[in-house]
Amino acid sequence: IIDEGQPDHSVVTTCAYCGVGCSFEAEMKGDKLVRMTPWKGGDANHGHSCVKGRFAFGYATHKDRLREPMIRDSIDLPWRAVSWEEAIQFTADRIRDIQTRHGRDSVGGITSSRCTNEETYLVQKLVRAAFGNNNTDTCARVCHSPTGYGLKTTLGESAGTQTFDSVMKSDVIVVIGANPTDAHPVFASRLRKRLRQGASLIVADPRHIDLLKTPHMGEGIHLPLRPGTNVALINAMAHVVVSEGLEDEDFVSRRCDPEAYRQWREFILLEKNSPEHMETITGVPADSIRQAARLYGEAGNGAIYYGLGVTEHSQGSTMVIGIANLAMATGNIGREGVGVNPLRGQNNVQGSCDMGSFPHELPGYQHVGVPEVRARFSAAWGVDIDPEPGLRIPNMFDAAIDGSFKALYVQGEDIAQSDPNTQHVEQALTSLECLIVQDIFLNETAKFAHVLLPGSTFLEKNGTFTNAERRINRVRKVMAPVAGKEDWEVTQDLANALGYPMHYSHPSEIMDEIAQLAPTFTGVSYDKLERLGSIQWPCNEAHPDGTPTMHEDSFPIGLGRFGLTEFVETEERTNRRFPLLLTTGRILSQYNVGAQTRRTDNQVWHDEDVLELHPHDAEERGISAGDWVGITSRAGDTVLRARISERMQPGVIYTTFHHPGSGANVITTDNSDWATNCPEYKVTAVQVEKVTEP
Ligand code: SF4
């Protein structure tokens, strides 16, 4: 893909990796991409980038790209390459036949946080209008679904409150369960700049992350909590804030529901939430908890940033509510420099949620159970909308094994590698009568598929991504799709073959429809995006150019709602057989299951997944750096190389999940968040022992 010549033109587009959403100039020579140059006009990145966005784009023309549709009658037969027409008709016939034999609700679809807003919108519309049910879910289920639930419950909107630039006005920055220098590098640079200007940092993380090594920053506090004890920690911090009079009484009295606040205050002051009591649960000294709570509670501007180390727990939603409670109690909402900010992992995870991918919500987070909402969508789409929420991804797997769920359309997600408890997922996938995979590569999930529909990369399509600060950025096509179709065209063809008419000629028309139906998008159009460069939703009559800071004068639900956050210990506990806790994360040079980064032709991208463990745990087991080690959990076992690291605390080990062979998700269990079923990837009780070879 990299032509050595000089570019003759460029096209501005958006990075397809993390939720920072950096803008790039794709510099072209004819139809060849010469290089990706970070664009100075990008509102999210201001001309900066990280190695992935700048250099890891070679996967787009990798030899492994799927270039033609393929079908097979069963998964033990070889693939047969067919025309688009035959593949689409085969798929439509299979779906209708399954629905005739097993009922309307026996089929469903999964949208992708890697695809554009417009593509995601069309997949959930296909499920609701052509399949006739609400069995649509998104890969956000396994990452930030607790953010959606927790922030909507407390603040009234399922999104972060700030712009990335807002951090430059923060005095105290709290980072919980996130590792921005590896996972959100361009935002991390801005955060570090602010720390070097003297802002203070509080990190709550089982590992000693690199951010803590920022030179010349203000006060730095590390709260190395045990995995699974986030809620205990946030309750203890809130206990200090309330008991020491650090609340913002004016904010609470003007902006928050008084009865919910009274109940929360009474609960949080209970002795069981004190730092001394929570020290025994979290492993964090009570003095450190007090110091951190005072620092945040007394800050002029205190901002909280969090990642999957918050959400991927059995109490993920409770923790998001706890974070919002603390921000409201201290008045750290509704202006620059403060707020509650989820750091989204994938490029369009915010957008996939905004677009109605969840089984209970239509686009714009409108519940399917509300008759007026359904009436509006029914009028626009010309079909009745099912009032019952559909199946979530884990429910789809269970129903497939039970025999009531028979066909699944998966766009741009490798569920066989990325979802927890691989054995369970594979059992579900082999139980399906028809699995349709739309992807750019033959991924792990495709091994169980009956239909393969080639996907298009971000370089081959028009559309929009929405980043972690609610910023809608344009994605512009710089080359023709290798298989001849953009993803949205494939979904549209399938809808038409199923007898539900779709006739969009460009993604801008899809966005126009979204703007008619989602109240937070009513002012969004491609024309406005051209004029403004990007738009942060809500964008409507009240905020025609978008909304950089949310909740300035009021919350969408009127008054902010404190929620009770009782700490409940996870079922995933250590014992003599499984004495260590495993937690997982991402490294800078890789991205999720590595489908793209592993296919970029540069040794930088060839890191292997390793197991990090503390010297004490290694010595106890006779393990040296580089040894092969077997890791066993209640769900399964795998083998990795060991890395000895002081960044870990004794009793806690860490790995990544970028390579299919590493088996990280063979070990993770079925435990999930009580409210959203987000898997508890961050807590798995394991044993580790030295082995001779993998
Ligand atoms: Fe892409 Fe994220 Fe890196 Fe920006 S920080 S270039 S969006 S991976």
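When the stretch 78-92 is examined, which residues are found to be surrounded by fewer than 21 Cβ atoms within 10 Å (Cβ to Cβ) and either of a type in the set (V, I, T) or within 16 Å of the ligand (Cβ to nearest atom) (or both)? V82 - this is the single residue of the stretch 78-92 that is surrounded by fewer than 21 Cβ atoms within 10 Å (Cβ to Cβ) and either of a type in the set (V, I, T) or within 16 Å of the ligand (Cβ to nearest atom) (or both). Taking the stretch 96-109 as the range and being surrounded by fewer than 24 Cβ atoms within 10 Å (Cβ to Cβ) and either under 21 Å from the mean Cα position of the chain (by Cα) or not hydroxyl-bearing (S, T, Y) (or both) as the test, the residues that pass are R96, D97, I98, Q99, R101, H102, G103, R104, D105.
V107 passes all but one of (1) aliphatic (A, V, I, L, M); (2) away from the ligand (no atom under 16 Å from the Cβ); (3) touching a residue at least 40 places away in the same chain (Cβ under 8 Å); (4) farther than 21 Å from T430 by Cβ; which number fails? Just one mismatch for V107, condition (4). Scanning the stretch 5-34 for residues that are of a type in the set (S, T, N, Q) and within 15 Å of the ligand (Cβ to nearest atom) yields T13, T14, S23. Just to be sure, is A329 assigned by TED's automatic domain parsing to the domain that holds T311 and not aromatic (F, W, Y)? Yes, satisfied. Filtering the stretch 299-313 to residues that are in a loop (DSSP other than H, G, I, E, B) and either buried (at least 24 other Cβ atoms within 10 Å of the Cβ) or of a type in the set (F, W, Y) (or both) leaves G307, E312, H313.
Going residue by residue through the stretch 231-239, is there one that turns out to be in the same structural domain as I321 (by TED's automatic domain parsing) and outside any helix (DSSP H, G or I)? No, the stretch 231-239 contains no residue that is in the same structural domain as I321 (by TED's automatic domain parsing) and outside any helix (DSSP H, G or I). Among the listed residues L391, L343, which satisfies the condition of being buried (at least 24 other Cβ atoms within 10 Å of the Cβ) and not aromatic (F, W, Y)? Among L391, L343, only L343 is buried (at least 24 other Cβ atoms within 10 Å of the Cβ) and not aromatic (F, W, Y).
Among the residues of the stretch 394-418, just one is surrounded by fewer than 22 Cβ atoms within 10 Å (Cβ to Cβ), part of a helix (DSSP H, G or I) and touching a residue at least 60 places away in the same chain (Cβ under 8 Å), namely N395.
Table: residues versus (1) of a type in the set (K, R); (2) more than 16 Å from the ligand (Cβ to nearest atom); (3) modelled with pLDDT under 95.
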{"position": "S113", "(1), (2), (3)": "no, no, yes"}
{"position": "E119", "(1), (2), (3)": "no, yes, no"}
{"position": "A159", "(1), (2), (3)": "no, yes, yes"}
{"position": "V174", "(1), (2), (3)": "no, yes, no"}
{"position": "T181", "(1), (2), (3)": "no, no, yes"}
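The criterion of being aliphatic (A, V, I, L, M), within 21 Å of C50 (Cβ to Cβ) and in a loop (DSSP other than H, G, I, E, B) holds for A178. Scanning the stretch 58-77 for residues that are of a type in the set (V, I, T) and either in the same structural domain as A428 (by TED's automatic domain parsing) or surrounded by 16 or more Cβ atoms within 10 Å (Cβ to Cβ) (or both) yields a total of 2. Selection within the stretch 652-686: residues that are at pLDDT below 85 and part of a loop (DSSP other than H, G, I, E, B). The member of this set that is farthest from the chain's Cα centre (by Cα) is G663.
Just one residue in the set E388, E336 is more than 16 Å from the ligand (Cβ to nearest atom), at pLDDT 95 or above and not assigned by TED's automatic domain parsing to the domain that holds S166; that residue is E388.
When E27 is tested against (1) surrounded by 22 or more Cβ atoms within 10 Å (Cβ to Cβ); (2) assigned to a strand (DSSP E or B), just one condition goes unmet, and that condition is (1). Looking across the stretch 351-379, the residues that are surrounded by fewer than 18 Cβ atoms within 10 Å (Cβ to Cβ) and either of a type in the set (F, W, Y) or part of a helix (DSSP H, G or I) (or both) come down to P371, E372, A375, R376, S378, A379. Taking each residue of the stretch 184-195 that is in a helix (DSSP H, G or I) and looking for partners that are more than 12 Å from the ligand (Cβ to nearest atom) and modelled with pLDDT of 95 or more with beta-carbon atoms closer than 6 Å, six or more apart or interchain, yields R190/V167; L191/V167; R194/V167; R194/M168; L195/L201.
The set of residues from the stretch 475-513 being under 20 Å from Q350 (Cβ atoms) and buried (at least 21 other Cβ atoms within 10 Å of the Cβ) comprises V475, D487, W488, P507, I510, M511. Of the residues screened, I587 is not one that is surrounded by 15 or more Cβ atoms within 10 Å (Cβ to Cβ) and modelled with pLDDT of 95 or more.
Checking the structure you have, find out if any residue of the stretch 418-432 is under 24 Å from D512 (Cα atoms), within 25 Å of the chain's Cα centre (by Cα) and at pLDDT 95 or above. Among the residues of the stretch 418-432, not one is under 24 Å from D512 (Cα atoms), within 25 Å of the chain's Cα centre (by Cα) and at pLDDT 95 or above, which makes the answer no. For the stretch 380-393, what are the residues that are more than 16 Å from A515 (Cα to Cα) and in a helix (DSSP H, G or I)? Answer for the stretch 380-393, where residues must be more than 16 Å from A515 (Cα to Cα) and in a helix (DSSP H, G or I): just I393.
Can you tell me which residue is surrounded by the fewest Cβ atoms within 10 Å (Cβ to Cβ) among those in the stretch 31-57 that are in a helix (DSSP H, G or I) and over 21 Å from the mean Cα position of the chain (by Cα)? Restricting to residues being in a helix (DSSP H, G or I) and over 21 Å from the mean Cα position of the chain (by Cα), the top hit is R54.
Name every residue in the stretch 463-502 that is among the charged types (D, E, K, R) and more than 16 Å from the ligand (Cβ to nearest atom), in order of residue number. Within the stretch 463-502, K477, K485, E486, D487, E489, D493 meet the criteria.
Are any residues in the stretch 506-561 part of a loop (DSSP other than H, G, I, E, B), acidic (D, E) and either at positive phi or free of Cβ contacts under 8 Å to residues at least 60 places away in the same chain (or both), and if so, which ones? Correct list: E541, D545. Restricting attention to the stretch 46-72, the residues being aromatic (F, W, Y), within 11 Å of the ligand (Cβ to nearest atom) and either within 20 Å of G455 (Cα to Cα) or at pLDDT 95 or above (or both) number 1.
Of the residues that sit in the stretch 34-45 and are out of contact with any Phe, Trp or Tyr (no Cβ under 7 Å at 6 or more places or on another chain) and of a type outside the set (D, E, K, R), which one is modelled with the lowest pLDDT? Restricting to residues being out of contact with any Phe, Trp or Tyr (no Cβ under 7 Å at 6 or more places or on another chain) and of a type outside the set (D, E, K, R), the top hit is V34.
Conditions tested, residue by residue: (1) β-branched (V, I, T); (2) within 16 Å of the ligand (Cβ to nearest atom); (3) more than 17 Å from the chain's Cα centre (by Cα); (4) surrounded by 23 or more Cβ atoms within 10 Å (Cβ to Cβ).
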| position | (1), (2), (3), (4) |
| --- | --- |
| V123 | yes, no, yes, yes |
| M168 | no, no, yes, no |
| H184 | no, yes, no, yes |
| R196 | no, no, yes, no |
| A199 | no, no, yes, yes |
| L212 | no, no, yes, no |
| M217 | no, no, yes, no |
| P224 | no, no, yes, no |
| G228 | no, no, yes, yes |
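Among the candidates Q603, Q649, the residue that is more than 28 Å from F358 (Cα to Cα), out of contact with any strand residue (DSSP E or B) (no Cβ under 7 Å at 6 or more places or on another chain) and at pLDDT 90 or above is uniquely Q649.
The values are calculated or read from the model by the stated rules, or taken from the named source; none is laboratory data. Predicted model, so just to flag it, every value in this text is computed and none were measured. For neighbour counting, all protein chains shown are included, and Cβ atoms are generated from backbone atoms with ideal geometry for every residue, glycine included.
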